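The values are calculated or read from the model by the stated rules, or taken from the named source; none is laboratory data. These numbers were taken from a predicted model, which means no experiment stands behind them. Note that we place each Cβ from the backbone using ideal geometry, even for glycine, and neighbour counts take in every protein chain shown. Side chains included, ligands, DNA and RNA excluded: accessible areas come from the protein's heavy atoms. Shrake-Rupley method; radii C 1.70, N 1.55, O 1.52, S 1.80 Å.
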Amino acid sequence: MAPSTNSDTSLDTSRNTVLFERARALIPGGVNSPVRAFKAVGGTPRFVQRAQGAYFWDADGKRYIDYIGSWGPMILGHGHPAVVEAVQKAVLEGFSYGAPTEREIELAEEIVKLVPSIEMLRLVSSGTEAGMSAIRLARGATGRSKIIKFEGCYHGHADALLVKAGSGLATFGNPTSAGVPPEVVQHTLVLEYNHIAQLEEAFSLHGSSTACLIIEPIAGNMNFVRASVPFMKRCRELCTQHGVLLVFDEVMTGFRVALGGAQSIYAKSIPGFKPDMTVLGKVIGGGMPLAAFGGTRAVMEQLAPLGPVYQAGTLSGNPVATACGLATLREISKPGFYEALGQRTRSLTDGLTQVATQAGVTFCADSEGGMFGFFLLDKLPQNYATVMTTDSPAFNRFFHAMLDKGVYYAPALYEAGFVSSAHTAADIETTVDAAAQFFAGR
Ligand code: KE4
């Protein structure tokens, strides 16, 4: 199939283009997850040939500094020796058994030790599966149907969660996807992130019939938006008052922003703060398909085979994935890991902010642990609507300029970025210099 022309209409013979054409013939959009298609930023996705440390090489052999890291899992960088060794050993013992293993217990023990709000947990294979199961469990445990989520937060693609805000205050949502019947989302209430008055009104209207409130505590699906402490405190108070389960979706923030996740950060400002359930993914699998949901014993024991809430999975607790996850958790638990990672990430956001400001570019950024976000806005946004006021053509120009210079950011202005322990000070300097060149010449 002849390669398509690239943006400057010259014949683009890059192998990425050839592969993209081949992929699009057989896989919808040429990708197995939509955001990878570069639809938001335009251009040709880079097909990864291999990755090591902070880098990957595309199908043309070009090296990129990788600030996606598989959308969060690769907190140690690609191919960490201890993780590779653990996976190599595990595969020689077998790929999958469909039967319990000691390593699932070891991983559960590690997670429970690091996340005190989790007394029991169930391992699954994706964040979507974990979020979907947590919602079902919340509904089963409370006997209630309604759920509350927030605009701009993404919790995977389970039907009940593919919802956009309805028109007006505290109304129930409309599907964001074809194929989701309105009756499936009729119980999902979508509120504005960080809007305390709206939250209070929603609870006054629906608190007694709501099973759970699910939230990304630092919303990485709005690039990087923190829930304010007063807002999070109010979420906890209202959930407690109305018997609603507070579900923390830490698929992205778990073990990424801190060893104890975002909940450990809120617990520093809100004495005794704990969610009732936590959804985990990404980092706990170290790059292999593994996620989890956990919470209090009383809630988790409602799950089959103990209780009436059904949930299952052929590859749940997969022995190779648990080996990968366990090796990852052991590395990130080492003293000083997050202090060093946080400083490295902050050096990136501070450097980018400095060169943008020097060039007179409207720019702001924020970071926590190994997760960061930046905005072509004059101040950090507090909700989705503000994030989406960003000048997307300007973002796209920045994205492609950096891509051309071998710096790989998320191909969408509403996605977060990630720094690994493999990123060096030199990598950060190279990145900041590339941004400075773009800002100077924009
Ligand atoms: P997965 O089903 O993709 O493993 O996890 C769903 C999910 C749940 N909760 C949060 C907070 C998430 O960020 C995600 C998935 N994140 C996206 C990136 N924003 C994964 C990338 C993709 O969809 O390809």
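Here are the numbers for this structure:
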quantity: Condition check for I147: part of a helix (DSSP H, G or I), out of contact with any Lys or Arg (no Cβ under 7 Å at 6 or more places or on another chain) and within 16 Å of the ligand (Cβ to nearest atom); calculated: no
quantity: The range 183-223, residues that are in contact (Cβ under 8 Å) with a residue 40 or more places away in the chain, acidic (D, E) and open to solvent by 60 Å² or more (accessible area, probe 1.4 Å); calculated: E192
quantity: Flag for A262 being within 11 Å of the ligand (Cβ to nearest atom) and farther than 20 Å from A327 by Cβ; calculated: yes
quantity: Check on L92, at pLDDT 95 or above and crowded, with 17+ Cβ neighbours inside 10 Å; calculated: no
quantity: Selection within the range 152-166 - of a type outside the set (A, V, I, L, M, F, W, C), assigned to a loop (DSSP other than H, G, I, E, B) and either within 14 Å of the ligand (Cβ to nearest atom) or crowded, with 21+ Cβ neighbours inside 10 Å (or both); calculated: G152, Y154, H155, G156, H157
quantity: Residues satisfying the stated conditions in the range 241-256, i.e. in a loop (DSSP other than H, G, I, E, B) and away from the ligand (no atom under 11 Å from the Cβ); calculated: G243, V244, F255
quantity: Segments classed as helices (runs of 4 or more DSSP H), wholly inside the range 315-399, with at least 3 members that are open to solvent by less than 10 Å² (accessible area, probe 1.4 Å) and assigned by TED's automatic domain parsing to the domain that holds P45; calculated: 337-358
quantity: Meets criteria (in contact with a Pro (Cβ under 7 Å, 6 or more places away or on another chain) and within 16 Å of the ligand (Cβ to nearest atom)) for A219; calculated: no
quantity: From A202, A130, A178, A165, residue being under 24 Å from the mean Cα position of the chain (by Cα), at pLDDT 95 or above and not acidic (D, E); calculated: A130
quantity: Residue match in the range 86-95 (condition: assigned by TED's automatic domain parsing to the domain that holds H187, under 15 Å from L326 (Cα atoms) and without any contact (Cβ under 8 Å) to a residue 40 or more places away in the chain); calculated: yes
